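All remarks here apply to the structure that follows.
Values quoted throughout were computed directly from the atomic coordinates according to the rules given, and no laboratory measurement underlies them. All values reported here derive from a predicted model rather than from experimental measurement. Reconstructed Cβ throughout: ideal geometry from the backbone, glycine too, with neighbour counts over all protein chains shown.
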Amino acid sequence: MSNIEDRIVSILKRAPADPYTIYRKIGDCNMNDLNKILSRFYRKNVINIVDYKKSKRTGLNIPVYCLSSFNLSVTSFKAVNFDSMIAGITSERAIEFKFLVNNLTTLCTHATILDIGTGDSGMVETLKAHNGDEWNVTGIDVIRPKYYDSNHFCIMDGRFMGFACNIFDLVICISTIEHIGSPMISCNNGNVNLPSDTMVLKEICRVLKSGGRLIITMPFGKANFMVPDHRVYDTLSLNRLLDGNDFKILKKEFYLFDLQIGKWKRGYNQDHDFNYNPEKYPPSLHSPICLCLSLEKVNN
């Protein structure tokens, strides 16, 4: 492939995109040449159309492309509907679930999925309802949910998972890792030498297939801002968590809660280590900053 073709593939590996988005990210390719490459890719089944969006400039529908190498049933793909799960919620879930949805579009058709800390979130049921029997979804938690399917739920500690190695295509860990091993959660498996969150990440790496994805979210800000049931990460503690694991970062997004409008806003500064008074923020928030990560396992 040419350099431009390689860059198109690299862009589509991260997320589906329309031609104008690809054009803006490449920068040094004219639109006519880009459309010729996309047309050739489409004919050769390198890419497929995942959706259509209306152009604000022309009012016409333009295709949104996705790499066909992900074995995605792109013609029937629809965003997972989490509306019922976040109705009335003002916590981080609204942005965390949106981030999850945006990163599900590259998931293979017959995928095995693990949701850690599933609780009563309804995550397992929502994912299964979206893609029927084609996604094999399992949820684990240390506490049995009120409503659960025994075929798709296990009482299990994320630090000591009973799954074989290299079996999941995707692991989801939404606002969970900050609770594992916190003062209010005990473990009966004896003494350990690693921090609890590090143990979880090593276990996730173990059960993921090579090339598998981890979607993980956590409160971010000042690590010394502690409450009884969870920890808050900063740059140093995040680096410590990721150090030594076979992951590369595909996406890293920060969101800040704007008190003036009462909503989350996308942030672009990668080091939001600033002083803030947690008493000013809604008690439902773990932190005024939420970090969303999409990681890929790079080694066996």
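Worth a mention:
- Amide H to amide H distances under 5 Å link I47 with Y42, S68, where only residues 5 or more positions off or on other chains count and H is placed in the peptide plane.
- Shown for M199, M123: other C-beta atoms within 10 Å of each C-beta, ranked fewest to most, produce the order M199, M123.
- The H on the amide N of V137, modeled in the peptide plane, is under 5 Å from the matching H of I113, each at least 5 residues off or on a different chain.
- Sorted fewest first by neighbouring Cβ atoms within 10 angstrom, K128, K13 come out as K13, K128.
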